[in-house]
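Report on the following structure.
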Protein chains: 2
Amino acid sequence: GEVVVLRYGHRPGRDDRMTTHVGLTARAFGADRVILPDNAGQSAETVRGVTDRFGGPFGVELREDQKAIVRNWEGVVVHLTMYGERIQDVEGEIRAAVRADDGRAVGDRGGDARDLLVVVGGEKVPWALYERADFNVGVTNQPHSEVAGLAVFLDRLFEGEELDREWVDADRRVVPEATGKTVVDA
Amino acid sequence: GEVVVLRYGHRPGRDDRMTTHVGLTARAFGADRVILPDNAGQSAETVRGVTDRFGGPFGVELREDQKAIVRNWEGVVVHLTMYGERIQDVEGEIRAAVRADDGRAVGDRGGDARDLLVVVGGEKVPWALYERADFNVGVTNQPHSEVAGLAVFLDRLFEGEELDREWVDADRRVVPEATGKTVVDA
């Protein structure tokens, strides 16, 4: 099963940093790839650059047809929105919906868990997205940040296991320490 | 015990949205107040406006003396940085450091738990901050987003209890639902 983050909508200039942070957050918190709108080329470059330096695998795609991607997704669609059901109420149900018949959980790469599309709104999203989504999920029902919502959603989806992920083909690696800023060759 | 988020550094224009999202994320995920640099007035207004409409209590302060706030903090200082110790390794220790002698946890308002300052870097932070911090914490040791790191840190600090917080003096309230966008008078 694959976990894919779709950034819905992007205003060049104004949204560049938020869209970049959506991509970097998807990578850091265990998604397999991010799909950005085709006018977000600069954000895509930044996320690819981080993947080159700090490792993957992580895919970055630019696509024009966001509506069609959502409509035709053959798997589970989660839409993060402050109007949705409370994450603490539905996270177990989402994991169950994605889990493979053989019991492999969402984070098991190569298992036959279902694919999961996580849609993160930018500008206004169409009502059809609310209807197509298998789950409209509120990571709190308060206004805050699509980046914050995505991070907490993924951390809960993977039950923290994404934090132990190992990275391949990295040039460099940060050594976690109590006081320091140490980066070594990977 | 009070939980306060300090945004360290702000470049007007370029950082407006990120600083606003830091403030809104602090509010939505259970902090008591946020301290922003004094050149971030626009972000402060936005966060105050959300608090007026969606409730509090939540404080927003503009302060010039960020270095002094950190240096003189009489409680625990956590600095979020990708170079820090892994959140999954130190979150229990942080909760223990903040917990009151009477066993009240960090989220217990009015208990005598210690105050916690969570420092979120923007521009480069001084080395003195790494030294003063009781904990330098990496929410992953990967480059991503200060907003994502703050959200996941607070969700783990409060062990999810912040999601059940009730808001007072709100004008309006979102009704969580499977498919809909319902806002009612609070």
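The values are calculated or read from the model by the stated rules, or taken from the named source; none is laboratory data. Not measured: the values here are computed from a predicted model. Ideal geometry is used to build each Cβ from the backbone, glycine not excepted, and the neighbour counts take in all protein chains shown. For the accessible areas, the whole protein counts, side chains as well, though only heavy atoms, and no ligand, DNA or RNA atoms are used. Shrake-Rupley method; radii C 1.70, N 1.55, O 1.52, S 1.80 Å.
Listed by position, the helices (runs of 4 or more DSSP H) inside the stretch A:1-96 whose residues that are among the β-branched types (Val, Ile, Thr) and more than 12 Å from chain B (Cβ to nearest Cβ) number at least 1 are A:66-72. Here B:Ala133 fulfils each of the conditions (1) under 13 Å from A:Thr179 (Cβ atoms); (2) under 14 Å from the mean Cα position of the chain (by Cα) apart from (2).
Under the condition of being within 8 Å of another protein chain (Cβ to nearest Cβ) and either hydroxyl-bearing (Ser, Thr, Tyr) or open to solvent by 20 Å² or more (accessible area, probe 1.4 Å) (or both), which residue from the stretch B:143-155 is farthest from A:Pro143 (Cα to Cα)?
Here is the first cut: in the stretch B:143-155, the residues within 8 Å of another protein chain (Cβ to nearest Cβ) are B:143-145, B:147-152, B:155.
Applying the additional criterion that residues be either hydroxyl-bearing (Ser, Thr, Tyr) or open to solvent by 20 Å² or more (accessible area, probe 1.4 Å) (or both) yields B:143-145.
Details: B:Pro143: 25, B:His144: 21, B:Ser145: 18 Å.
Across the stretch B:143-155, the extreme among qualifying residues is B:Pro143.
Taking B:Arg14 as the residue in question, decide whether it is open to solvent by 60 Å² or more (accessible area, probe 1.4 Å), in contact with a strand residue (DSSP E or B) (Cβ under 9 Å, 6 or more places away or on another chain) and under 30 Å from A:Val50 (Cα atoms). Steps first, please.
Details: open to solvent by 60 Å² or more (accessible area, probe 1.4 Å): yes; in contact with a strand residue (DSSP E or B) (Cβ under 9 Å, 6 or more places away or on another chain): no; under 30 Å from A:Val50 (Cα atoms): yes.
Criteria not met by B:Arg14.
Can you name the residue in the stretch B:19-61 that is basic (Lys, Arg) and closer than 26 Å to B:Val98 by Cα and, of all such residues, is surrounded by the most Cβ atoms within 10 Å (Cβ to Cβ)? Residue satisfying both the conditions and the ranking: B:Arg27.
Suppose we keep only residues that are open to solvent by 80 Å² or more (accessible area, probe 1.4 Å) and in a helix (DSSP H, G or I) within the stretch A:159-186. Which one would you say is nearest to the other protein chains (Cβ to nearest Cβ)? Top of the filtered list is A:Asp164. Taking the listed residues A:Gly41, A:Gly84, A:Gly59, the one that is out of contact with any Lys or Arg (no Cβ under 8 Å at 6 or more places or on another chain), over 12 Å from A:Phe135 (Cα atoms) and small (Gly, Ala, Ser) is A:Gly41, with no other qualifying.
A:Arg7 passes every criterion in (1) basic (Lys, Arg); (2) within 15 Å of A:Leu117 (Cβ to Cβ); (3) open to solvent by 30 Å² or more (accessible area, probe 1.4 Å) apart from (3). If the condition is being surrounded by fewer than 20 Cβ atoms within 10 Å (Cβ to Cβ), of a type outside the set (Gly, Ala, Ser) and either facing chain A (nearest Cβ under 8 Å) or part of a strand (DSSP E or B) (or both), then the stretch B:115-142 contributes B:Tyr130, B:Glu131.
Residue-by-condition table, conditions (1) over 18 Å from A:Ala26 (Cα atoms); (2) out of contact with any His (no Cβ under 8 Å at 6 or more places or on another chain):
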| site | (1), (2) |
| --- | --- |
| A:Tyr130 | yes, no |
| A:Asp134 | yes, yes |
| A:Phe158 | no, yes |
| A:Arg165 | no, yes |
| A:Arg173 | yes, yes |
| A:Ala178 | yes, yes |
| A:Asp185 | yes, yes |
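When B:Gln66 is tested against (1) over 15 Å from B:Val120 (Cβ atoms); (2) of a type outside the set (A, V, I, L, M); (3) touching a residue at least 24 places away in the same chain (Cβ under 8 Å); (4) open to solvent by 10 Å² or more (accessible area, probe 1.4 Å), exactly one condition is not met: (1).
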